[in-house]
Amino acid sequence: MSHETHYRKLERMYYSAPTNEYFAPKLTVSEGKSVVEIAVRDDFMHGAGSVHGCFYFKAMDDAAFFAVSSLVADEFVLTASFNLYLTRPVAEGTLRAEGEVVHQSRRLFVAEARLMNDDGKELGRGSGTYMRSRMPLSAEMGYR
């Protein structure tokens, strides 16, 4: 299977996840990188009128996760840990998370993600550790 075929299968797997019916994200996967975009909606806001941090986490973890997954064509990857820093509030526009693998060994990966607004201003950043699982990628998990 070609790299491009793997990337498109990962994107289809992402869209098939029931949780993404709510978030309505867009994902683009390339080698060791990915981009997740989520349009801000009123129902994302916390009591002070800005996007709740769970949406920051969702976008950044997904971007880092799929950056790692782009390099693993045979097994599902798992998030082992993720640290995030929320640096700026946002209340409109699009959340754009860019993920990139910064370290890899046989079973462990480290990826970083940056979250930006429509003007390219940083909203947050994070890093995570990811591990190969023993679960093969399959049609049952949406990898088609």
Once amide hydrogens are built 1.01 Å from N within the peptide plane, the residues lying 5 or more places from Gly32 or on another chain with amide H under 5 Å from its amide H are Ser70, Leu71
From DSSP H assignment alone, runs of 4+ in the chain each adding -39500 (n - 2.57), the sum over residues rounded to the nearest 500 puts [θ] at 222 nm at -8000 deg cm²/dmol
Approximate spin-label separation Glu100-Met1, in nm, with each point projected 7 Å along Cα-to-Cβ: 2.6 nm
Assuming R0 = 35 Å, can you tell me the calculated FRET efficiency for the pair Arg132 and Ala24, based on Cβ-Cβ distance, to the nearest 0.05? 0.75
Provide the per-residue ³J(HN,Hα) series for the stretch 115-129, in order, calculated from phi with Karplus coefficients 6.51, -1.76, 1.60 and θ = phi - 60°, each as a whole number of Hz, with x at glycine and proline positions. 10, 10, 8, 5, 8, x, 7, 6, 9, x, 8, x, 9, x, 10
Output the 0 to 90 degree angle, nearest 10, between the alpha-carbon long axis of helix 3-16 and the longest principal axis computed from the alpha carbons of the chain. 50 degrees
With +1 on each Lys and Arg Cβ and -1 on each Asp and Glu Cβ, and nothing else charged, work out how big the dipole of the stretch 3-141 is about its Cα centre, in Debye to the nearest 20. 380 debye
Which residue fluctuates the most in the chain, going by a Gaussian network model with Cα springs under 10 Å, if the choices are Phe66, Phe55, Phe109? Phe55
Relative packing of 100-108, 19-27, which averages over residues the other C-beta atoms within 10 Å, highest first: 19-27, 100-108
Sequence gap at least 6, Cα distance under 8 Å: using those rules, report the relative contact order of the stretch 3-141 to the nearest whole percent. 25 percent
Projecting each Cα onto the charge dipole of the stretch 3-141 (Lys/Arg +1, Asp/Glu -1 at the beta carbon, about the Cα centre), which of Thr79, Thr5, Gly120 comes out farthest on the positive side? Thr79
Sites Ser16 and Leu108 - FRET efficiency at Förster radius 25 Å, r taken between beta-carbons, to 0.05: 0.40
Can you compute the equivalent ellipsoid semi-axes for the chain, i.e. the square root of 5 times each eigenvalue of the Cα gyration tensor, sorted largest first and rounded to whole Å? 26, 16, 13
Output the 0 to 90 degree angle, nearest 10, between the alpha-carbon long axis of helix 53-69 and the longest principal axis computed from the alpha carbons of the chain. 20 degrees
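Taken together, the values in this text are just the output of simple stated rules run on the coordinates, not laboratory data. Small disclaimer: the values here were computed from a predicted structure and weren't measured. Backbone-built Cβ (ideal geometry, glycine too); neighbour counts: all protein chains shown.
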